[in-house]
1. Please label the shape of region 338-400 as rounded, prolate or oblate, based on the square roots a ≥ b ≥ c of the eigenvalues of the alpha-carbon gyration tensor (a/c under 1.5 means rounded; beyond that, a/b larger than b/c means prolate, else oblate).
2. With a 10 Å radius around each residue's Cβ, average the other Cβ atoms per peptide and rank 118-125, 348-355, highest first.
3. Which number comes out as Rg/Rh for region 10-215 once both Rg and the Kirkwood Rh are worked out on C-alpha atoms?
4. Over the chain, what is the mean sequence separation of C-alpha contacts under 8 Å (at least six apart), divided by residue count, expressed as relative contact order in percent?
5. Counting only the backbone N, which residues of region 275-305 are under 19 Å from the spot 7 Å out from the Cα of Trp178 toward its beta-carbon?
6. With +1 on the Cβ of every Lys and Arg and -1 on the Cβ of every Asp and Glu, and nothing else charged, how large is the dipole of the chain about its Cα centre, in debye rounded to the nearest 20?
7. Ranked by Cβ crowding within 10 angstrom, fewest neighbours first, how are Arg209, Arg371 ordered?
8. May I ask you to derive the FRET efficiency for His441 and Leu416 from their Cβ-Cβ distance with R0 = 45 Å, giving the value to the nearest 0.05?
Amino acid sequence: MVESATSGMTVRDASKGALFVLFLVTMIDKIGFGIVIPFLTYLVEDLTPEGQTANIGLWVGLLMTSYSAAQFLFSPFWGSVSDRIGRRPVLMVGLVGNTVFFTMFGLANTLIIAFVARFMAGVFNGNIAVARAYIGDVSTPQQLATRMGIIGAAFGLGFTFGPFIGGELSDPAARWGWFVGTIFETHPYLLPCLVASVLSVFSLVIAYRSLPESLPIESRTQKESVPWLTNMANIMKSSVSMLRAPSVSLVIWVSMLFTFGFTIMHAVFILYTEMAPENGGLAFSEADNGRVFAMIGITGILTQGLFIGPLTRKFGSRNLIPLASILTGIGLVLIPYTEAESSWFHILIVSVIIALGNGIFQPSSSSFLTRVAKSNGYELGVVMGAQESLGAFARILGPLTGGLVWTLTASREWPLDYHTAFHICGLMMLLAALLSLRLPHVDEGSDISTGIGEES
């Protein structure tokens, strides 16, 4: 850790090793989020008591939401703790929590235990917020945008590897003979969870050996921490104030509608693909679903890494937002119209459309919000904090809504059948696109860097 003076302030610069550890910690967090997606529906079906199968969609939504909800509720707490005791110990607590509760989730033999494990994994994992604070501690203003891109890249890679690992390693006894008669046969989803736990342990060891503390003792908060309820009330108050702010509020509402529609898909996609073809589904396995989500992740990374720069320079971020919303909406609506006979060809096309739309929307909306905030004199930290809080709220409501809609409609006849949830996804994207047409025009001539792979 090297100290340098910038504008009268002392900044403790980070080594490449420290930045790599932060990248690793953040990627592990997103792997933990994404690893359950391919097999979650199958796990719920295995653990659902007889006579309660009608509630499978709702339980999928609850389990999908629990992790994000816990992170939303407890990240401010861990951020406050890190201000008092330092970033390093809080990051390590998060990695220990990952290790314990990922394993607990894989060993769950009831839906309640699975829910508790998933929720507690989110409670103990405030690592993304703390990692961002760490980067803020060790970066000059000139370094900040580039280094925050580390978080964005880790998001993208984690959400690519997570579903792939979860799909490929699910139910190993059915695929590889040496797992027959072992604990992995009685707990078919333990292996991917153990892999996530091992990755957390690896990160913990690396962090212990190579991650110095970024917050000097003299810079730590000495006063008593703000009570949790007060902290949450302040977050909500700040978020609501941004929703009332001219110009900024429109961008945040567009982002919320997009996120809400996109995360509805997270809950219902596999509920659809695992259905039997005679019921309209595709009879996909856990591995099939993992490959689809990995494909979406890879396409999104390529889009943001290769195409977003030239597209922004040619069309501007404001004009890309409605285009991306419509593109994503088309892809989401087309999902349940896949023919089982040509399922992989259709899903490939649809996945690319969705990934292109999402890959364009995320950096475009973040970049445009930054420009609007700066041009109107708003504090950037407040604006981005409000966007993150309200985005988290949308990520909580999305899977819950998807699971509930599926439960109420999947077994009914058209027009309220298994297509309904995907139609709602498309409707949210259409509303986002229409609202984005009212976005203000701002000067997009100046360059503002944004990280790739922002969480949707």
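1. Working: a/c = 6.63, a/b = 2.23, b/c = 2.98.
Oblate is the answer for region 338-400, as a/c is 1.5 or above yet b/c matches or exceeds a/b.
2. Values: 118-125: 23.8, 348-355: 19.5.
Output ranking for 118-125, 348-355: 118-125, 348-355.
3. Details: Rg = 18.0 Å, Rh = 17.6 Å.
Rg/Rh: 1.02.
4. 24
5. Correct set: none at all.
6. About 1400 debye.
7. Ascending number of Cβ neighbours within 10 Å: Arg209, Arg371.
8. E between His441 and Leu416, to the nearest 0.05, is 0.65.
Coordinate-derived values only; no laboratory data. Computed from a prediction, not measured in an experiment: that's the story for all the values here. Positions of Cβ are backbone-derived with ideal geometry, glycine not excepted, and every protein chain shown enters the neighbour counts.
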